[in-house]
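Worksheet for the structure shown next.
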Amino acid sequence: MSIFWTLILACTVNSSFAAEPEFDAARAFGYLTKVCRLKSRVSGSAGMAEQQKLIAEHFRELKAQVKFQSFDAPHPLRGTPVRMNNMIISWHPEAKQRILLACHYDTRPFPDRDRYRPQGLFIGANDGASGVAFLMELGNLMPELKISHGYGVDFVFFDGEELVYRDNDPYFLGSKYFANQYKSEPRDYDYVYGVLFDMIADKNLAIYMEKNSIKFAPQLTRSIWLAAQKVGVRQFIPQAKFEIRDDHLPLNEIAGIPTCDIIDFDYPAWHTTRDIPRACSGASLEKVGKVMIYWLQNIPESNN
């Protein structure tokens, strides 16, 4: 065979296989840094409003459907209403069976665990921005991804996860509202599974199975760690370690959506002024992305 025809055959063979979408670590870290430049993103603040604009513009450019789910909650100290906005980004909104991928995008008012500056500026690079950056980068890949079973996918950014000033202040305002609306309002779709992303950019990434996720969504949780094994991401450790109260609890307990929390809770900078981009890594976001790309293309049939 001539060199000419060998090259033609090679090009034909290669073109028959679509390249797998790849999660871009540098681009994801760029999103994280951009969000952190807004500094504090407390619910109802100017920083939060700027972040909402950034997120909405990003996904509208990708031709996704962008909706705001708005409600008011009393300020924990003043009692005055704080306007909350869950953001819902929909891919293939016509699909009636859907997957929910979520994060919180507000930051805690103060770094209360900081020994030296508990009233200082809290940036929340990992605890807040990491989930946002992850979903922004995953959004770039969504038009290419073939989601199992033809499921639609919603990215949900929860507001008010920790508008908390005192120990007894309520958490999870946005996810509770979302879960109650899902349960009580008429709808023509169902969520098959939910996955929550929280603190996933730690440079020293180690993600254990979270105990409430195993309790409420055992099949889903096992399938994600199996996906990690399939793609060779060893930072997903198939052992239970922490029992965490997070936005996945309202989704499981109120809405009845089997939801898993993907979280690295071994993070020394948690709720301190040290939770800044320097403590984070785009490579860690990429590892989570690699797992989720595989999982979205190989979602198991639900037993629920």
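The values are calculated or read from the model by the stated rules, or taken from the named source; none is laboratory data. Everything numeric here is computed off the predicted structure, so don't read it as measured data. Here the Cβ is made from the backbone with ideal geometry for all residues, glycine too, and neighbour counts use every protein chain on show. Side chains are part of the model used for accessible areas, which takes the heavy atoms of the whole protein and leaves out ligands, DNA and RNA. Shrake-Rupley method; radii C 1.70, N 1.55, O 1.52, S 1.80 Å.
Data for the structure
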| item | result |
| --- | --- |
| Surface accessible to a 1.4 Å probe, Y267 within the full protein complex, Å² | 20 Å² |
| Accessible surface, the chain, averaged per residue in Å² (probe 1.4 Å) | 47 Å² |
| Calculated FRET value between D190 and A49, using beta carbons and R₀ = 25 Å, to 0.05 | 0.20 |
| List I262, I214, ordered by accessible area with a 1.4 Å probe, largest first | I214, I262 |
| Net +/- balance of residues flanking F242 in space, Cβ distance below 12 Å, scoring K and R +1, D and E -1 | -4 |
| Debye-sum result for the chain in log10 I(q)/I(0), which assumes one identical scatterer on each alpha carbon, at q = 0.15 Å⁻¹ | -1.19 |
| S223 versus Q65: modelled label distance in nm, points set 7 Å from Cα along the beta carbon direction | 2.2 nm |
| Positive dipole terminus of segment 147-283, leading residue within A179, Y151, I254 (C-beta point charges) | Y151 |
| Accessible-area value, E144, 1.4 Å probe, nucleic acids and ligands omitted, Å² | 100 Å² |
| The chain: angle of helix 46-61 to the longest principal axis, Cα-based, in degrees nearest 10 | 20 degrees |
| Linear extension gain, Q297 paired with V231, 0.36 nm per residue minus alpha-carbon span | 22.5 nm |
| Using alpha-carbon coordinates, inclination of helix 3-15 to the longest axis of the chain, degrees | 40 degrees |
| Additional length obtainable on full extension of the chain from E94 to L145, 0.36 nm per residue less Cα span | 16.7 nm |
| Derived scalar couplings ³J(HN,Hα) [segment 129-146; Karplus, 6.51 cos²θ - 1.76 cosθ + 1.60; whole Hz; x for Gly, Pro] | 6, 5, x, 4, 4, 4, 5, 4, 5, 4, x, 4, 9, 4, x, 8, 6, 9 |
| Dipole magnitude of the chain, debye to nearest 20 (Cβ charges: Lys/Arg +1, Asp/Glu -1, about Cα centre) | 400 debye |
| Net lengthening on full extension, A206/R37 (0.36 nm per residue, minus Cα-Cα) | 58.2 nm |
| Simple label model, 7 Å out from Cα along Cβ direction - H75 to Q119, nm | 1.6 nm |
| Surface accessible to a 1.4 Å probe, R117 within the full protein complex, Å² | 140 Å² |
| Whole-percent carbon and sulfur share, accessible surface of the chain, 1.4 Å | 52 percent |
| Fraction in percent of alpha-carbon pairs per bin - 5 Å, segment 139-267 | 2, 10, 17, 21, 21, 17, 8, 3, 1 |
| D72 long-range amide H proximity, modeled H, under 5 Å | M84 |
